[in-house]
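Just below is one structure, and these are the notes that go with it.
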Amino acid sequence: MVGIVLISHSGAVAQSVAGLAKMMAPDARVTFAGGLPDGSFGTSYDALYEAVRQADDGDGAVLLMDMGSAVMTAEMVQEALPQTKLLLADAPFVEGAIAATLTAGFGTSAEEVRTAAEAVRGEQKLN
C-alpha cells in the first residue's frame, strides 16, 4: 500500500492531521514529521527521512507539505532515496491529506494517490 507522509513546521499540526487521516482510513500507512527535535517550529531532515522509511512498504509514498522549507526538505529526502518511489503532492495540507489517505486505502498507485490529493485544490467550502 502506498504510504502517506505529512510534513509540517509544527509537530502538533503534523500529528493532528495524521490522526484525522487515520481516523478516516484506519488501515492506511500514514506517518508524519513536524517541528524540530527540541519542539520548536521547523522541518527536520532526519525526522522526515525516518517517516518516509516507515511509510514505504515497497509501493512508495506520497508526501504532503505545509509550506516553505518543508517542501525543500521533502525534495532533499526524495533525492537521498532514489530507490524509493516518492511523489510530492502540490495540494492543500489537510484536505489533500484526507483525499490521499482515503485513496491509498483502496490500494491504488502512488500516481493515483498524488492525483487525488492534488484534485482537491480549488474545492470550494462555501457556495
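Looking only at region 19-46, filter to residues that are under 13 Å from the mean Cα position of the chain (by Cα) and small (Gly, Ala, Ser); which one of those is nearest to Gly107 (Cα to Cα)?
Taking the candidates together, the pick is Ala28.
Being more than 13 Å from Ile4 (Cβ to Cβ) and of a type in the set (A, V, I, L, M, F, W, C) narrows it down to one residue among Ala110, Ala119; which is it?
Values: Ala110 fails: more than 13 Å from Ile4 (Cβ to Cβ).
Selected residue: Ala119, the only one of Ala110, Ala119 that is more than 13 Å from Ile4 (Cβ to Cβ) and of a type in the set (A, V, I, L, M, F, W, C).
So, in region 25-46, exactly how many residues are surrounded by 15 or more Cβ atoms within 10 Å (Cβ to Cβ), outside any loop (DSSP other than H, G, I, E, B), at negative phi and not hydroxyl-bearing (Ser, Thr, Tyr)?
Here the count works out to 5.
I'd like to verify a number: residues in region 73-89 that are in a loop (DSSP other than H, G, I, E, B) and touching a helix residue (DSSP H, G or I) at 6+ places or on another chain (Cβ under 6 Å), how many?
Going residue by residue through region 73-89, those that are in a loop (DSSP other than H, G, I, E, B) are 81-85.
Right, trim to touching a helix residue (DSSP H, G or I) at 6+ places or on another chain (Cβ under 6 Å) and you get 85.
Counting residues in region 73-89 that are in a loop (DSSP other than H, G, I, E, B) and touching a helix residue (DSSP H, G or I) at 6+ places or on another chain (Cβ under 6 Å) gives 1.
(1) touching a Leu at 6+ places or on another chain (Cβ under 8 Å); (2) small (Gly, Ala, Ser); (3) assigned to a helix (DSSP H, G or I): which one isn't true of Ala12, the others all being true?
Single failed check for Ala12: (1).
FYI, it's all coordinate maths here, none of it is from the lab. Note that the structure is predicted; figures quoted are calculated from it, not measured. A quick note on method: Cβ atoms are made from the backbone with ideal geometry, for glycine too, and the neighbour counts reach across all protein chains shown.
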